[in-house]
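**Q** I have a structure I would like to understand better, so I am pasting it below and will then ask my questions one at a time.
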Amino acid sequence: MERVVIVGAGTFGASLAWWLTRRGDDVTLVDQFEPGDPRATSGGETRLIRCTHGADADYARMARRARTLWRELERESGEELMTECGVSWFAHRDDGWEADSLRTLGAEGIPAERLEVGEAARAFPSFKGDDLAWVLHEPEAGVLRAQKAVQTLAREAARHGAKLVRGRAAPDGERVLAGGATLEADRVIWSCGGWLAGLFPEHVTLRVTRQELFFFDGGPEWATAPGWVDYDRAFYGTGDIDGLGVKVAWDKEGPPLDPDADLPGPSDEVERTSRAYAAERFPALAQAPLVLSKRCRYEISPDSHFIAAPHPGHANVWIVGGGSGHGFKHGPAMAERLTRAWHEHAPLPPRFALGAREYAASLRSAGSNR
Ligand SMILES: Cc1cc2nc3c(=O)[nH]c(=O)nc-3n(C[C@H](O)[C@H](O)[C@H](O)COP(=O)(O)OP(=O)(O)OC[C@H]3O[C@@H](n4cnc5c(N)ncnc54)[C@H](O)[C@@H]3O)c2cc1C
């Protein structure tokens, strides 16, 4: 049994709290906000869960494992967190991200199929795909209710004995200063999303950017539509999950936004571009009323790979984050992986290490990772 302090109750920190308390560790989970707060990146209503990661088999396997663990959390908590509506990837060519993904998923035994455009179109109430070569469909992918999932993780962790502490924390060597108290532990994890670079500027490089989401009233027929990603054109979205509206998001990397700054109002350019894509791809949405728009932040590592590594000066202090617009789904599987690294000496991928990183293409869409 270890005494563990986790700072940051987003998908990475709350998943760790859930995982470690079930193992019998004595966990304190600190956050400046309530779990699921919209100012945290994990505080959005929905996030896609998919195994498709181009040629990258490691993330594909981790996402698949995460799917099993989210189901386990659903069974344990009685909450419905995942909708398995499938995710369709719109391929513009035969040799791109989707073709790499199809090969990788096939080799890993993860269900995925190559569909003709006309066949894929039938899953959407309205679809125009004459610019597409084919569609990769992952039937067991879908949508996670992100905010609810993080709140459920924290609640289940508390039920298993975790102490939840509200307060802004600061590192003091191996200790954590929070709300006037000094917390000591066998292991400390800083899973602070977009705030990590400010807390550890000498070790962490992240770009925190402003992103926007638009939800259209397309009617009830969109409730069962698959999630979708147009990787090359950098758009993604979902059907109408829980009556929120049909989600359409432009994945182009937005302007920098300090993690502590208020979230600004919608930008005309992003709204215009998102509407234009919606009207082109899903013609029935051309006149659909906008019911909701949201702003949030990405925290992007230089190569879009996650960060999970010990602090160079303190072996029992760990830095975890760098979700880079694709981290949510992996939360519970990352927690399991970290626990195995700590207690079974299972190696973590070297690419999760701290230190300089080379640019690499984004693992969410071609919306740029620079
Ligand atoms: C618009 C959008 C769409 C996305 N789509 C997807 C998707 O489809 N699929 C997917 O898998 N991922 C997606 N992501 C990415 C995913 O949401 C993030 O990678 C993930 O939520 C990051 O989780 P985190 O735990 O690292 O950070 P966060 O959720 O930000 O959590 C960090 C926590 O640390 C706390 N904190 C920070 N500093 C301190 C401090 N000093 N003291 C106390 N508390 C502190 C914060 O309050 C916060 O609660 C998307 C992200 C965005 C913004």
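**Q** Report the residue count in the range 200-234 for those that are within 17 Å of residue 141 (Cβ to Cβ), touching an Asp or Glu at 6+ places or on another chain (Cβ under 8 Å) and within 13 Å of the ligand (Cβ to nearest atom).
**A** 1
**Q** I've got another one for you. For the list (1) of a type in the set (D, E, K, R); (2) within 13 Å of the ligand (Cβ to nearest atom); (3) touching a Lys or Arg at 6+ places or on another chain (Cβ under 9 Å); (4) open to solvent by 10 Å² or more (accessible area, probe 1.4 Å), I need the number of the one condition that residue 280 fails.
**A** In the conditions (1) of a type in the set (D, E, K, R); (2) within 13 Å of the ligand (Cβ to nearest atom); (3) touching a Lys or Arg at 6+ places or on another chain (Cβ under 9 Å); (4) open to solvent by 10 Å² or more (accessible area, probe 1.4 Å), residue 280 misses (2) alone.
**Q** Let me ask another. Looking at residue 324, is it within 16 Å of the ligand (Cβ to nearest atom), free of Cβ contacts under 8 Å to residues at least 60 places away in the same chain and either on the phi > 0 side of the Ramachandran plot or hydroxyl-bearing (Ser, Thr, Tyr) (or both)?
**A** On the way: within 16 Å of the ligand (Cβ to nearest atom): yes; free of Cβ contacts under 8 Å to residues at least 60 places away in the same chain: yes; either on the phi > 0 side of the Ramachandran plot or hydroxyl-bearing (Ser, Thr, Tyr) (or both): yes.
Answer is yes for this residue.
**Q** Exactly one condition in (1) within 11 Å of the ligand (Cβ to nearest atom); (2) over 15 Å from the mean Cα position of the chain (by Cα) is not met by residue 20; state its number.
**A** For residue 20, the exception is condition (1).
**Q** While we're here: Exactly one of these conditions fails for residue 343: (1) surrounded by fewer than 20 Cβ atoms within 10 Å (Cβ to Cβ); (2) within 15 Å of the ligand (Cβ to nearest atom). Give me its number.
**A** (2)
**Q** Here is a follow-up. Only one of these conditions is not met by residue 201: (1) open to solvent by less than 70 Å² (accessible area, probe 1.4 Å); (2) closer than 20 Å to residue 298 by Cβ. Which number is it?
**A** The one condition residue 201 does not meet is (1).
**Q** Here's a follow-up. May I ask you to list pairs of residues, at least six apart or on different chains, whose Cβ atoms are under 8 Å apart, with the first in the range 24-41 being more than 12 Å from residue 150 (Cα to Cα) and of a type in the set (Val, Ile, Thr) and the second being assigned to a loop (DSSP other than H, G, I, E, B) and near the ligand (Cβ under 6 Å from one of its atoms)?
**A** 30/8; 30/9
**Q** Do the conditions hold for residue 147, that is, is it crowded, with 20+ Cβ neighbours inside 10 Å, of a type in the set (S, T, N, Q) and out of contact with any Cys (no Cβ under 7 Å at 6 or more places or on another chain)? Show your work before the answer.
**A** Working: crowded, with 20+ Cβ neighbours inside 10 Å: no; of a type in the set (S, T, N, Q): yes; out of contact with any Cys (no Cβ under 7 Å at 6 or more places or on another chain): yes.
When the stated conditions are applied, residue 147 does not pass them.
**Q** Answer yes or no as to whether residue 234 is of a type outside the set (S, T, N, Q) and on the phi > 0 side of the Ramachandran plot. Steps first, answer last, please.
**A** Values: of a type outside the set (S, T, N, Q): yes; on the phi > 0 side of the Ramachandran plot: yes.
So residue 234 fits the description; yes.
**Q** When you go through (1) more than 29 Å from residue 131 (Cα to Cα); (2) polar (S, T, N, Q); (3) crowded, with 19+ Cβ neighbours inside 10 Å one by one for residue 362, which number turns out not to apply?
**A** (1)
**Q** Go through the residues of the range 297-316 one by one and say whether even a single one is open to solvent by less than 30 Å² (accessible area, probe 1.4 Å), touching a strand residue (DSSP E or B) at 6+ places or on another chain (Cβ under 9 Å) and of a type in the set (Val, Ile, Thr).
**A** yes
**Q** Scan the range 16-49 for residues that are surrounded by fewer than 21 Cβ atoms within 10 Å (Cβ to Cβ), touching a Gly at 6+ places or on another chain (Cβ under 9 Å) and among the acidic types (Asp, Glu) and report the count.
**A** Residues meeting the conditions: 2.
**Q** Select, from 259, 264, the only residue that is without any contact (Cβ under 8 Å) to a residue 60 or more places away in the chain, part of a loop (DSSP other than H, G, I, E, B) and open to solvent by 20 Å² or more (accessible area, probe 1.4 Å). Quick ask: steps written out before the conclusion?
**A** Numbers: 259 fails: without any contact (Cβ under 8 Å) to a residue 60 or more places away in the chain.
Just a single option satisfies the conditions, and that option is 264.
**Q** Somewhere in the range 146-165, is a residue assigned to a strand (DSSP E or B) and away from the ligand (no atom under 13 Å from the Cβ)? Before you say what the answer is, go through the steps one by one.
**A** Initially, the range 146-165 is screened for residues assigned to a strand (DSSP E or B), giving 163-165.
Filter once more, keeping what is away from the ligand (no atom under 13 Å from the Cβ): 163.
Yes, the range 146-165 contains at least one residue that is assigned to a strand (DSSP E or B) and away from the ligand (no atom under 13 Å from the Cβ).
**Q** Between a first residue in the range 295-317 that is without any contact (Cβ under 8 Å) to a residue 24 or more places away in the chain and a second residue that is not in a loop (DSSP other than H, G, I, E, B), which pairs have beta carbons less than 7 Å apart while being 6 or more apart in sequence or on different chains?
**A** 310/317; 310/318
**Q** Something else now. Answer yes or no: is there a residue in the range 166-189 that is open to solvent by less than 10 Å² (accessible area, probe 1.4 Å) and more than 30 Å from residue 18 (Cβ to Cβ).
**A** Within the range 166-189 (the criterion being open to solvent by less than 10 Å² (accessible area, probe 1.4 Å) and more than 30 Å from residue 18 (Cβ to Cβ)), the answer is no, since none of the residues qualifies.
**Q** Looking at (1) within 14 Å of residue 212 (Cβ to Cβ); (2) away from the ligand (no atom under 12 Å from the Cβ); (3) open to solvent by less than 30 Å² (accessible area, probe 1.4 Å), which one does residue 240 not meet, given that it meets all the others?
**A** All conditions pass for residue 240, except number (1).
The values are calculated or read from the model by the stated rules, or taken from the named source; none is laboratory data. Just so it is clear, the structure is predicted and the values come from calculations on it, not from any experiment. Cβ sites come from the backbone with ideal geometry, for glycine too, and all protein chains shown count toward neighbours. These area figures cover heavy atoms from the full protein model, side chains too; ligands, DNA and RNA do not enter into them. Shrake-Rupley method; radii C 1.70, N 1.55, O 1.52, S 1.80 Å.
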